[in-house]
Amino acid sequence: MAKGIRVVIDLQFFKEMTEKEQNSLFKQLTHCHSENRNAKEALNLTLTSTTPEIFSILDKKYSGSKWGITIHENDLIDSFKHEEIVYLSGDAE
C-alpha cells in the first residue's frame, strides 16, 4: 500500500495520553486501516514517532505488522523534508 497520497499520523503525544485515550487511538488507527484497505484508491498510511511499546500493542492486539503501512520510529520532522509536510491538528489556533 505504499502507493497513493501519503498521510502521516504522528504519535509523538502517545505517552501524554491516558489509557482510555490510547485505546481510542488504536481503535481510530484500526478504522483508518480498514477504510484504507477497502478504498478504491488507497492512501500511503504512515505512522511516525512509533515507539516499541506502540508497535507491540498495535501488533499484538490488532495485527498491525500485517497492515502494510509504513512505520517510522523517528518523529515527523526527522522523517520527511519540511516542504513535504502539511501539518493538520485539532489543537491548531
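The values are calculated or read from the model by the stated rules, or taken from the named source; none is laboratory data. Computed from a predicted model, the values in this text were never measured in an experiment. Neighbour counts are summed over all protein chains in view; Cβ atoms, including those assigned to glycine, are modelled from backbone coordinates with ideal geometry. The accessibility values were calculated without ligands, DNA or RNA, using every heavy atom of the protein model including side chains. Shrake-Rupley method; radii C 1.70, N 1.55, O 1.52, S 1.80 Å.
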Label-to-label distance, nm, for residues given as residue 77 and residue 7 (7 Å Cα→Cβ offset):
2.6
Out of residues 5 or more away from residue 71 or on other chains, whose amide H comes under 5 Å of its own, with H placed 1.01 Å from N in the peptide plane?
47
5 angstrom amide H check on residue 10, placed H, neighbours 5+ away:
48
For the chain, the accessible surface attributable to carbon and sulfur atoms (probe 1.4 angstrom, ligands and nucleic acids excluded) amounts in percent to 50
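For Cα pairs less than 8 Å apart in space and 6+ apart in sequence, what is the mean separation divided by the residue count of the chain, i.e. the relative contact order in percent?
The normalised contact order for the chain reaches 36 percent.
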I'd like the Karplus ³J(HN,Hα) series for the range 80-89: coefficients 6.51, -1.76, 1.60, θ = phi - 60°, whole numbers in Hz, and an x wherever there's a Gly or Pro.
9, 5, 4, 6, 8, 10, 10, 9, 10, 9
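Can you give the convex hull volume per residue for the Cα atoms of the chain, as a whole number of Å³? Show your work: numbers first, answer last.
Values: hull volume 10.3 nm³, N = 93.
So the per-residue Cα hull volume is 111 Å³.
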Which residues among the range 15-35 fall inside the zone where the amide N is under 18 Å from a point 7 Å beyond the Cα of residue 91, along Cα→Cβ?
15-26
Which value, in debye to the nearest 20, gives the size of the charge dipole of the range 34-93 about its Cα centre, when Lys and Arg are +1 and Asp and Glu are -1 at the Cβ?
500
With unit charges on the beta carbon (Lys/Arg positive, Asp/Glu negative), name the residue among 7, 46, 67 whose Cα is farthest towards the positive pole of the charge dipole of the chain.
67
